[in-house]
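A short write-up of the structure that comes next.
Throughout, read-outs are computed from the coordinates displayed, never taken from laboratory work. As the structure is a prediction and not an experimental result, all values here were calculated from the model. Cβ coordinates were reconstructed from backbone atoms using ideal geometry, including for glycine residues, and neighbour counts include every protein chain displayed.
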Number of protein chains: 2
Amino acid sequence: MRLLPVTLASLLLACTAAAADPNYARLLRQAPVKAALKYLRDDDPRTLQEQIALAQIPAPPFKETTRAQDFAARLRAAGLEDVSIDATGNVIGKRKGTAPGPLLVISAHLDTVFDEGSDVTVKQQDGRYHGLGIYDDARGLAAVLSVLRAMQAAKLRTVGEVWFVGTVGEEALGNLRGAKALLAENPGIDGFISVDGVESREEVAAGYVQVVTQATGSRRWEFRFTGPGGHSFGNFGNPSAVHALGRAIAAIADLKPPADPKTTFNVGQVSGGSGVTAIASEASMLLDLRSNDADELRAIEARVQSIVDAAVAAENARWNSTEVRVERKLLGDRPASTRIADTALGDAVIAAHAAIGLKAEPGFGSTDSNVPLGLGIPAATLSGGGRGDKAHSTDEWYEHVNAWQGPQVLLLTTLRLSGLAGKVKPGLKVRKGR
Amino acid sequence: MRLLPVTLASLLLACTAAAADPNYARLLRQAPVKAALKYLRDDDPRTLQEQIALAQIPAPPFKETTRAQDFAARLRAAGLEDVSIDATGNVIGKRKGTAPGPLLVISAHLDTVFDEGSDVTVKQQDGRYHGLGIYDDARGLAAVLSVLRAMQAAKLRTVGEVWFVGTVGEEALGNLRGAKALLAENPGIDGFISVDGVESREEVAAGYVQVVTQATGSRRWEFRFTGPGGHSFGNFGNPSAVHALGRAIAAIADLKPPADPKTTFNVGQVSGGSGVTAIASEASMLLDLRSNDADELRAIEARVQSIVDAAVAAENARWNSTEVRVERKLLGDRPASTRIADTALGDAVIAAHAAIGLKAEPGFGSTDSNVPLGLGIPAATLSGGGRGDKAHSTDEWYEHVNAWQGPQVLLLTTLRLSGLAGKVKPGLKVRKGR
């Protein structure tokens, strides 16, 4: 999960509408729903064991197959008959609805950021569980499984179909490839929930959890400048790849993107040249562009591309040359929310928190939900329950505190969106043109 | 040796005065001089064997001791009694003159550019000798030894004292430390000759050898920018070390130093940042500045230093910060000729070539001679004889063609500058204020 460090102040500016949704009161009065919520609390120790077991199955970037097969087996063991792994590696378990209705995906991601061969043993110390990916996103996977078991045990019948999904490629260079393929190949999906991450220390301190209801998009580029090289003195007058690189960075450094919607740039890493006495024949930079709005992301990217072209032209013009060139490589592509994004699904998630007495606030993030949000499909990312910190590092830790609340919120949201047969209509709309 | 790739055209612009110096005709008429020149031709095979033996003694940067001890032993074996190794590691063998007169150093450098543990075996193939440092500068050391033997054998008595020297630290980061210490600790030196390198393919093609009579100076700097770092999105607004680096490079790239005296700049290598999503907390660049004139070198360096300061200030100002800083480290310092440099010694070397029927031209270089030339002390660097190419690479090769001519030129120059007792007065002046 990439819950971006949004300031608390900015979160408070976001709307907190729909905190009181009468449909939740109605759901909470139903005996099978009460039974399912109790089931989730009772299932809490088992969910923790399942989370630890999943975390100890290596799932490095682009190598999620073993964990995927394990997750598929657990979905079948929980009672789903229609479980398959798609060509991209996503696990999809389908649970039918009672009538034609909206199709909801509830998902967590299978992959971790850790390389093959990393020690994924989970260790308990001082009341915490330490392990690579112990909460990011083994907790999400365990929460999805627990909710499925509760729905099966309480015989909850949703109106719309619900898919229980494990995605591949959420992290880093995975570039959301699992979610992208899932949404591209299944245009019938009407809503998408990702369970990713847990409550952070900052959220505990602030007294509420953050629900990702809008997507911070990112585009990451590698620019590689090349030139003729030569000796620093003998070939003085040849253009330099490093000098062209510097010209580009200097102009990028003076960009002034809007503060709202927040839009950022960063030349994060540079390398180039083979020594102090050689005119550089090669130089590269890695650029990160982000925005909370798809149009602004496109706009700053267009600016950067023309700056890079101008830098190459200026270095060549300085030496009356045409020899410096640039190659571009797109390394990362995470869609931003569109301005027209429907936040009703996010509102439903926040109201589900309120229904069990928790405070939640909407925010921005970079998760699997970026994909549907970029396509205009309602989506949100919520916590799997429990607390933790230091994801993406070897210090990652998890505290199993009030952890059942994650699955409870997920269950209630699912019922609210997909409907409870005969009792509550689906809150999720069947998309037009689907 | 660093015989810089000066274009042939620019060499031809240099003056070719003093090609006919009557003192050489007078020297050539002396029987002992004739004997010594014949000795050098006869000593040619032994000189080659000595060159190979010296090349096969490892002399990595800063680790020249073993080769120094061997060279000192060879000076003693050739008949010098006063041979010592100074605190810096230079070998100094002193040969007295007959009267108070100028003190001349004839030298070659002991060190190579090759790391400890490199295979220094010399291999013969297709008429060439292949080996690390086989001509740079084992040839120079062998030439100095052969001249000493010839002077001893022919009982040549110079008026001024002559020192036969092997210097340390000529190459790369050695930064001419041997020559610097030698000149600093021995203010009585009136002239300096370095024997470094051999005739290149370009020189063979052009029909003359290049004698280094003026020094291309260089100053090499590492600039290390630091900043607060942070997350590319969450901490957007922090200044970046990479962005400051880019600003500096862009401004340096637009410098316009004079074409004559040739003055150059090059940001040769850059690195920085820890990843695409991190605002860089560190970034470095290596800068090479060169000039054929000491004043121009100082001027461009002052410009660069103020550009770097301005780049740091601009990056901080952009984000209303003071957190980006820069550290400077001087990596290389090779003096340039001063405008008032006395070229009489260089003229004498060129005339010595003419005396044995060779054509030579003055040029610029970066050798041990930079040190005396920067101090206003007459100096030149000449070829050790033979031909070769690819110094500083593992492809270095040497052809033993007309190789005795190098020592012959060195002998005649030495006699011209230091005088031949009773026959020719010293051409080298005792410096004022010495």
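Key figures
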read-out: Most positive-pole-ward Cα, B:A403, A:V91, A:V409, against dipole of the protein assembly as shown from beta carbon charges; value: A:V409
read-out: Acute angle (nearest 10 degrees) that the helix A:65-77 long axis makes with the longest principal axis of chain A, alpha-carbon atoms; value: 10 degrees
read-out: Degrees, to the nearest 10: B:44-55 long Cα axis against longest axis of chain B; value: 30 degrees
read-out: For region A:246-327: rounded, prolate or oblate by the Cα gyration tensor [a/c cutoff 1.5]; value: prolate
read-out: Longest to shortest principal axis, alpha-carbon extents of chain B, angstrom; value: 85, 44, 42
read-out: Computed magnitude of the charge dipole of the protein assembly as shown (debye, nearest 20; Cβ of K, R +1, Cβ of D, E -1); value: 560 debye
read-out: Nearest residue to the symmetry axis between A and B, taken on chain A by its Cβ, in whole Å; value: A:A250, 2
read-out: Region B:209-319 - percent relative contact order, Cα under 8 Å, separation 6 or more; value: 38 percent
read-out: Exceeding the 21 Å Cα-Cα cut-off - candidates B:K38/B:K94; A:K262/A:K429; A:K63/A:K180; B:K262/B:K359; value: B:K38/B:K94; A:K262/A:K429; B:K262/B:K359
read-out: Point-charge dipole on Cβ atoms (K/R +1, D/E -1) for chain B, about Cα centre, debye to 20; value: 1500 debye
read-out: Euclidean distance of C-alpha centroids, region B:190-242 and region B:316-354, integer Å; value: 10 Å
read-out: C-alpha long axis of helix B:138-153 to longest principal axis of chain B, angle in °; value: 20 degrees
read-out: Other copies of A:A99: label-to-label distances in nm, shortest first, labels 7 Å along the beta-carbon direction; value: 12.6
read-out: For residues of B:255-264, the mean tally of beta carbons on other chains within 10 Å; value: 2
read-out: Ellipsoid semi-axes in whole angstrom, largest first, where each is sqrt(5λ) of the Cα gyration tensor of region B:303-434; value: 45, 22, 10
read-out: Cβ-vector label at 7 Å, B:G234, separations to other copies in nm; value: 5.1
read-out: Label point 7 Å beyond Cα along the C-beta direction, distances from B:A344 to other copies (nm, shortest first); value: 10.0
read-out: Cα-based shape type of region A:262-380, given that a ≥ b ≥ c are square roots of the gyration tensor eigenvalues and the cut on a/c is 1.5; value: prolate
read-out: C-alpha center-to-center spacing [region B:112-142, region A:165-179] in angstrom; value: 56 Å
read-out: Positive dipole terminus of the protein assembly as shown, leading residue within A:G386, A:V159, A:L110 (C-beta point charges); value: A:V159
read-out: Peptide-level mean, for B:238-249, of C-beta atoms on other protein chains within 10 Å; value: 6
read-out: Lys, Arg +1 and Asp, Glu -1 on Cβ, resulting dipole of region B:39-130 about Cα centre, debye, nearest 20; value: 300 debye
read-out: Ellipsoid equivalent to the protein assembly as shown - semi-axes via the Cα gyration tensor, in Å; value: 79, 26, 21
